[in-house]
Amino acid sequence: MCGIAGYNGKQKAAPILIDSLKRLEYRGYDSAGIAVFDNTSIKVYKDKGKIAELEKGLPDITGSVGIGHTRWATHGRPDKVNAHPHTSGDIAVVHNGIIENYQTLKERLVHSGYTFVSETDTEVLAHLINHYYRNNLKEAVMSALKDVTGSYAVAVLRGTEMVAARKDSPLVVGLGSGENFIASDIPAVLKYTRNFILMDNMELACVYPDEVLFFDINNKPVEKAVTIIDWDMEAAEKSGYDHFMLKEIHEQPVSIHGAFAGRISELEGNIIFEDMGLSGEQVKEISRISVIACGTSLNAGLFGKYLFEHLAGIHVDVEIASEFRYAHSPPGSLVIAISQSGETADTLAALRQAKSYGSGTIAVTNVIGGTITREVDCVVYTRSGPEIGVAATKTFTSQLIVLYLLALYFGKLNGKISTDKIKRMISSLKKIPAQVTRILENREVVRECAENFASSNDFFFIGRTFNYPIALEGALKLKEISYIHAEGYAAGELKHGPLALISGKTPVVAIATRGLTYDKVVSNIKEVKARDAPVIAIADENDIEIEKYVDMVIRVPAADEILSPLLSTVVVQLLSYYVARERNCSIDQPRNLAKSVTVE
Ligand code: M6R
């Protein structure tokens, strides 16, 4: 995920920008750059690769105002031309987020005579600000941002003037003495100040050496409170959360949005995967897809099976990668390899095996340039930003989103789903980030539940259809970080064996959100209740009836049946986290596990 740094003061800006960018390295990036006003003009230095390399090639730059950026490629390859800052005339811009309507804006700007050199959405912003500039940088930025659909944190430099703004992408202002800073997050500039102003959506900041003025998007001044940060550096990297896992769970409203931003058009009922280049005829020829993955990614793959079969009418086999590589039958004509790290040895071996049969290949991954990306025909990035906790959380929900979009895309191309239905599904999808935020705001209920059951030795998670993969994921998460034995089951399968294990000592988490199989799940809840199991139901917020049958209800906003598993996922993640915390486990680095498993 990209990072932004900015400085306006009395010291040389370049070393401070480089230092701040280095502190943002943990977010992951593939190129970096800075722009500094050296009292004559803006000088831009940028390249692909590491910040240390960029730093080596820098001359002595005298200016004391500048902006910097680490880029995690979304629009366009990770190379020098696409690296930020981008310029238009004497204006330089760095940007995080995605400008969803950049194509339309680009056409408009090209028509007005602007020439584009990069493939990025950000360059549109630079030209747009230039286009609106009439001796007032702040007003030009406001006008430009009003034309933009999408998310942004942006820093703009013209001469000694610096303007920053944000919408759905983080940005903070650090206050110094005779110098001020901007950054994507607090740790980037914590070395220089402990006084911060946290920018809210649709706000702009004019950053001068001696003051910072805040405005809303309509140019109305805004009063901001100063937050004094007393974290040490380690706590700062976790943005004040006790663990990376909790931080990453809380990042999901943003990461989920990032996974679909720029890939949907609600107006046209379209899913946009420009790089895929598949025709309707080619998609019609796909009669079977094989998904290969491990662990959490495998659970995402199973969710993908329900999606592709339901929305695109394409049969899907979900293969455990470490088993598939020894299979003797050919995979489907299309193979989707899912791996957040892009380095999992089992998945790579299975992928190579699949390729030997001549199947087409798509990777769904989070890490740009990972080995897997170099071995497939097409890559779809989940764009979750770096995930530090070993237990996958935000990368899993982003995988679910990407698979949802792919299923809709294929369903549209092969004529299995109407444009109107896609419009409705996009509309439901767009509500998910806000619904996840509501669950996170109600996390106390989940914490209480965890407190009640943290001493259990065994857990069951049950769900049907779209919720079955989430039951598996809930059990996997709990096992990984709390070391409690947990089983995920298709709710209807319990009576075929595992019911023998159910007793008053085995809490059952039942995903019982409304949908096709709701009544059947309620029957399964009654089965385990009859064996004295304590039942925790994850249910819709308006489902009063369920309270009669269970011991605790954790409520989620009512959502489309196909999308509500995303909401239940956040609940099972929080539950695992709080149980592990009650048991004093090493949450971010569970025993015996690694973030990237590069051995078979
Ligand atoms: O990087 P990958 O998605 O390929 O990793 C696969 C599994 O190793 C991974 O999902 C593992 O199960 C995680 N620790 C889950 O939290």
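Any read-out appearing in this document is the output of simple, stated calculations on the displayed coordinates, not a laboratory observation. Predicted model, so just to flag it, every value in this text is computed and none were measured. Note that each Cβ is placed from the backbone with ideal geometry, even for glycine, and that neighbours are counted across all protein chains shown.
Taking K224 as the anchor, which lysines have their alpha carbon closer than 25 Å to its alpha carbon, excluding any fewer than eight residues away along the same chain?
K224 reaches K10, K138, K146, K167, K191, K238, K247.
Per residue, how big is the convex hull around the C-alpha atoms of the range 488-571? Give it to me in cubic angstrom, could you?
Here the figure is 87 Å³ per residue.
Give a residue-ordered list of calculated ³J(HN,Hα) values for the range 476-483 (Karplus: 6.51 cos²θ - 1.76 cosθ + 1.60, θ = phi - 60°; whole Hz; x for Gly, Pro).
Running phi through 6.51 cos²θ - 1.76 cosθ + 1.60 with θ = phi - 60° gives 5, 4, 5, 4, 4, 9, 10, 6 Hz.
I need two numbers for the range 151-231: Rg to one decimal and Dmax as a whole number, Cα atoms only, in Å.
11.8, 34
Relative contact order (percent) for the chain, with alpha-carbon contacts under 8 angstrom and 6 or more residues of separation? Can you show the working numbers first?
Details: 1348 pairs, mean separation 64.0, N = 600.
Value for the chain: 11 percent.
Along the principal axes of its C-alpha atoms, what lengths does the chain span, in descending order and rounded to whole Å?
Projected onto the principal axes, the Cα atoms of the chain cover 78, 55, 45 Å.
Relative to a virtual label point 7 Å from the Cα of D275 in the Cα→beta-carbon direction, which members of the range 36-56 show backbone nitrogen distances below 20 Å?
47-50
What's the Kirkwood radius of the range 442-600 in Å, using all Cα pairs? Walk me through the numbers on the way to the answer.
Values: mean 1/r = 0.0641 Å⁻¹.
After inverting the mean inverse Cα-Cα distance, the result is 15.6 Å.
Normalised by the number of residues in the range 321-418, what is the relative contact order in percent for Cα pairs under 8 Å and 6+ residues apart?
Values: 128 pairs, mean separation 21.8, N = 98.
Relative contact order of the range 321-418: 22 percent.
Subtract the Cα-Cα distance of Y208 and R374 from 0.36 nm times their separation in residues, and report this length gain in nm to one decimal.
Working: separation 166, 0.36 × 166 = 59.76 nm, distance 4.48 nm.
55.3 nm is the gain from fully extending Y208 to R374.
Quote to one decimal, in nm, the extra length available between T62 and N201 on full extension: 0.36 nm per residue of separation minus the C-alpha distance between them. Don't jump to the answer; show the numbers that get you there.
On the way: separation 139, 0.36 × 139 = 50.04 nm, distance 3.35 nm.
Length gained, T62 through N201: 46.7 nm.
Tell me the mean residue ellipticity at 222 nm calculated for the chain from its helices only (DSSP H runs of n ≥ 4, each -39500 (n - 2.57), averaged over every residue, nearest 500). Before the final figure, lay out the partial values.
Details: 18 runs with 202 residues, N = 600.
Computed mean residue ellipticity for the chain: -10500 deg cm²/dmol.
Show log10 I(q)/I(0) for the range 531-576 at q = 0.19, 0.23, 0.31 Å⁻¹, two decimals, from a solvent-free Debye sum over equal Cα scatterers.
-0.62, -0.84, -1.15
Per 0.36 nm of contour for each residue apart, how much would the distance between D551 and R591 grow if the chain were fully extended, relative to their Cα-Cα spacing? Could the numbers behind the result be given before it?
Numbers: separation 40, 0.36 × 40 = 14.40 nm, distance 3.18 nm.
Difference between extended and current length: 11.2 nm.
Based on DSSP, what percent of beta bridges with both residues in the range 233-441 are antiparallel, to the nearest 5?
On the way: 2 of 22 bridges.
DSSP beta bridges in the range 233-441 are roughly 10 percent antiparallel.
Counting only the backbone N, which residues of the range 151-185 are under 19 Å from the spot 7 Å out from the Cα of E266 toward its beta-carbon?
Of the residues in the range 151-185, 151-152, 167-169 have backbone N under 19 Å from the label point off E266.
Checking the a/c ratio against 1.5 first, then a/b against b/c, what shape does the Cα gyration tensor give for the range 233-441?
Values: a/c = 2.13, a/b = 1.19, b/c = 1.78.
In terms of gyration-tensor shape, oblate.
Quick one: net charge around K529, please, counting Lys, Arg +1 and Asp, Glu -1 for every other residue with C-beta under 13 Å from its C-beta. Don't skip to the end; give the middle numbers.
Values: positive: K526, R531, K548; negative: E527, D532, E547, D551.
Around K529, the surrounding residues sum to -1.
Modelled label-to-label distance, T437 and D47, 7 Å Cα→beta-carbon offset: nm?
4.1
Once amide H atoms are placed 1.01 Å from N in the peptide plane, what residues at a sequence separation of 5 or more from V556, or on another chain, have their amide H within under 5 Å of its amide H?
HN-HN under 5 Å from V556: A539, D540, E541.
Find how many whole Å separate the alpha carbon centroid of the range 199-249 from the alpha carbon centroid of the range 1-58.
The distance from the Cα centre of the range 1-58 to that of the range 199-249 comes to 20 Å.
Using amide H atoms built in the peptide plane, which far-off residues or other-chain residues are under 5 Å from V316 H to H?
I289
Within the range 532-600, list the trypsin sites (Lys or Arg not before Pro) lying in a DSSP loop whose Cβ has at most 10 other Cβ atoms in a 10 Å radius.
Within the range 532-600, the qualifying trypsin sites (Lys or Arg not before Pro) (loop, at most 10 other Cβ atoms within 10 Å) are R591.
Remind me, relative contact order of the range 442-600 in percent, using alpha carbon pairs under 8 angstrom and six or more residues apart? Let's see the in-between values first.
Numbers: 285 pairs, mean separation 44.8, N = 159.
About 28 percent, as a whole number.
Once you put a point 7 Å from the Cα of D532 and another 7 Å from the Cα of S329, both along the Cβ direction, what distance in nm separates them?
The two pseudo-label positions are separated by 4.5 nm.
Convert 25 °C to kelvin, take the viscosity as 0.890 mPa s, use the Kirkwood radius over C-alpha pairs of the range 1-145 as Rh, and evaluate the Stokes-Einstein diffusion coefficient in µm²/s, rounded to a whole number. Present the calculation step by step, with values, prior to reporting the outcome.
On the way: Rh = 15.3 Å.
The diffusion coefficient I find is 160 µm²/s.
Considering only the other residues whose Cβ falls under 12 Å of the Cβ of S564, what net charge follows from Lys and Arg at +1 and Asp and Glu at -1? Walk me through the numbers on the way to the answer.
Details: positive: K431, R514, R555; negative: D540, E541, D543, D560, E561.
Net charge around S564: -2.
How high is the FRET efficiency from H111 to R134, r the C-beta distance, R0 25 Å, rounded to 0.05? Before the final figure, lay out the partial values.
Numbers: r = 20 Å, r/R0 = 0.80.
Efficiency, from the Cβ-Cβ distance: 0.80.
Whole angstrom only: what separates the Cα centroid of the range 470-525 from the Cα centroid of the range 324-391?
Measuring centre to centre over Cα atoms gives 29 Å.
Report the antiparallel proportion of the DSSP beta bridges in the chain as a percent, rounded to a multiple of 5.
Values: 62 of 101 bridges.
Approximately 60 percent, going by the DSSP bridge assignments.
Would you tally the net charge around K416, using a Cβ to Cβ cut-off of less than 12 Å, leaving K416 out, and scoring K and R as +1, D and E as -1?
Details: positive: K284, K412, K421; negative: E309.
Its environment carries a net charge of +2.
If each of E493 and T149 carries a label point 7 Å out from its Cα toward its Cβ, how far apart are those two points in nm?
In this crude spin-label approximation the distance works out to 4.2 nm.
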